[in-house]
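Shown next, in structure tokens, is the structure this report addresses.
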Amino acid sequence: MSSLVYDEVLAYYSKPQVRHEIVSYCRGRWVALECERHGGKRLFLRYIKRGGKPITINEPNDLDRVFKRFVALHPRTVYASINIYRDLHDAKEIENPSNIINSTPIWDVDASLERWETAVKAAEIILDRLEKEGLDRSVFLKWSGRGIHIHINEGAFSRDLLREHNPLDISFSIVEYIMRRSKDDLTKLARKTSSSTDERPLRIENKIDLKRVFTAPLSLHRQLNLCCICFKPNNLKEFTPEWAEPSNYRHDEDWRVFEEGEGDELARKALIEIGGYDGWSRRLGAMQKRTVVQAQVKERSITLAKELKPLGRFQVMGLLQAARYYLITGDLEKAKSFGLNRAVFYAWAKRYARDRLRYQKKFGSETVAYAGERRMEKLGDEVAYTSPNGWFMIGDTEQTPRDYDRQIARRIEATVGYDKAWLAAIEYLKGFPKATLLEQRRFYNEAYKPVRDSFHKLIRREKLKRQTSLDDLLQ
């Protein structure tokens with residue numbers, strides 16, 4: 001995560017220009033919030049309450065309202081839909097085509113922060129094609145933190161055109177049309193710049209969908225200590241990621257500039273060739289039309305799998321025990337304490353008390369039991385001592401969340417990446433019946449023992465399954 005603490009996040013969103021730009025862009029759009037990680041999971045909010053009114057930000061007070069409502073979840077990143085709606089009071093109206101009054105064509109150029117120059121070159125290819133199609137004044141770019149979003153301001157399309165065609169048909173067709181005409185050049189760039197060591201290879205695709213969202217101008221990135229800045233095409237050659245530092249960002253408010261009708265000719269040509277949005281119910285069989293350009297990563301995947309080093313058994317035990325505790329109780333901080341506590345206990349048992357390791361005594365149905373002045377907490381049939389501070393302990397030593405981060409998380413981070421490992425552990429343990437998680441011996445034999453020397457391989461499999469982009473998750 002970013003180095004910003006949450007008070008600094010709130011302070012950032014209190015800046016007048018930040019508030020003004022987010023509200024201006026989000027007005028009339030369906031808003032999504034991404035919160036800081038909870039238990040290793042990404043948390044997205046799109047409704048005021050589940051199944052209720054969609055989140056909207058039309059006035060500065062709305063921004064305050066939604067951040068205040070969800071403050072316990074630590075909202076961090078603001079996204080807004082590609083579509084601008086007539087009415088967002090009813091969630092059912094989101095899928096009503098006649099409720100869309102405008103839609104923004106956007107090309108998503110995804111890369112890594114380290115490969116930002118490759119993203120710039122890809123953007124240049126698309127911008128060159130747009131310029132040949134007569135688009136100039138109405139185009140702007142956003143640096144999202146790990147890539148570039150290329151926008152055509154929705155004001156570039158005349159009212160006459162919008163009366164003839166649904167705005168989403170226009171935006172989808174334009175993005176696909178330009179992708180097809182840029183594909184060869186983009187593919188050459190991807191091949192030329194790809195590397196087997198790339199964590200995020202270059203990828204450009206048509207992501208236009210009914211519920212698609214993209215980062216709002218000046219929103220913070222979901223992980224990096226960067227914000228989403230806008231600039232015009234004539235500044236692309238000067239761009240560097242330093243422009244996106246929240247404390248000293250460089251942002252151009254001319255993203256609002258457009259020339260009405262500038263995009264009409266391109267739109268009409270694109271509509272004839274593409275035929276409109278492929279996601280309407282009548283076109284569900286046409287999804288194969290979408291164009292994607294991506295560096296070939298098969299060799300990269302094999303290479304990374306070979307490079308992943310095995311984790312130590314101590315770290316695997318601590319990670320899985322923490323994930324086990326979290327799945328049962330939902331308490332992340334105590335899960336860390338429990339994970340380290342159990343890792344220390346089993347390490348001690350292996351070295352000094354192998355012959356004496358037995359089931360620990362059961363203490364009835366209560367979660368917490370007392371033995372003299374010492375307090376114990378029960379997880380299924382397993383009990384462990386806790387300190388007056390509430391952390392688990394062995395002897396007179398507490399195992400705190402900070403200790404877990406130092407002894408477990410940091411060492412996993414240096415080997416395979418802690419976030420990846422945590423997500424893999426959660427998904428792995430979800431595959432076991434609850435009885436396995438609640439019984440000490442079953443958990444050891446059925447969950448921990450089979451993967452204690454190969455958990456790094458399981459992390460790799462989970463990572464491959466999770467190669468879905470943020471926008472795909474937000475549909």
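Yes/no per residue for (1) buried (at least 21 other Cβ atoms within 10 Å of the Cβ); (2) at pLDDT 95 or above; (3) at positive phi:
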residue	(1), (2), (3)
Phe172	yes, yes, no
Ser182	yes, yes, no
Lys188	no, no, no
Lys207	yes, no, no
Leu210	no, no, no
Ser219	yes, yes, no
Leu224	no, no, no
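What about Ser247, is it touching a helix residue (DSSP H, G or I) at 6+ places or on another chain (Cβ under 8 Å) and of a type in the set (S, T, N, Q)? Considered against the rule, which asks whether it is touching a helix residue (DSSP H, G or I) at 6+ places or on another chain (Cβ under 8 Å) and of a type in the set (S, T, N, Q), Ser247 comes out as no. Listed conditions (1) surrounded by 15 or more Cβ atoms within 10 Å (Cβ to Cβ); (2) in contact with a strand residue (DSSP E or B) (Cβ under 9 Å, 6 or more places away or on another chain); (3) modelled with pLDDT under 85 are all met by Thr415, apart from (2). Would you mind stating whether Ile82 is surrounded by 20 or more Cβ atoms within 10 Å (Cβ to Cβ) and more than 14 Å from Leu218 (Cβ to Cβ)? So Ile82 passes the test.
Being at pLDDT below 85 and closer than 22 Å to Ala323 by Cβ: is that true of Gly372 here? Spelling it out, it is not the case that Gly372 is at pLDDT below 85 and closer than 22 Å to Ala323 by Cβ.
Conditions (1) closer than 21 Å to Ser144 by Cα; (2) of a type in the set (Gly, Ala, Ser), marked per residue:
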| site | (1), (2) |
| --- | --- |
| Leu218 | yes, no |
| Asn234 | yes, no |
| Ala244 | yes, yes |
| Glu273 | no, no |
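On the stretch given as region 111-147, residues that are among the β-branched types (Val, Ile, Thr), under 24 Å from the mean Cα position of the chain (by Cα) and either outside any helix (DSSP H, G or I) or modelled with pLDDT under 95 (or both) total 1.
The values are calculated or read from the model by the stated rules, or taken from the named source; none is laboratory data. Bear in mind that the values here come from a model prediction, so they are computed numbers and not experimental data. Here the Cβ is made from the backbone with ideal geometry for all residues, glycine too, and neighbour counts use every protein chain on show.
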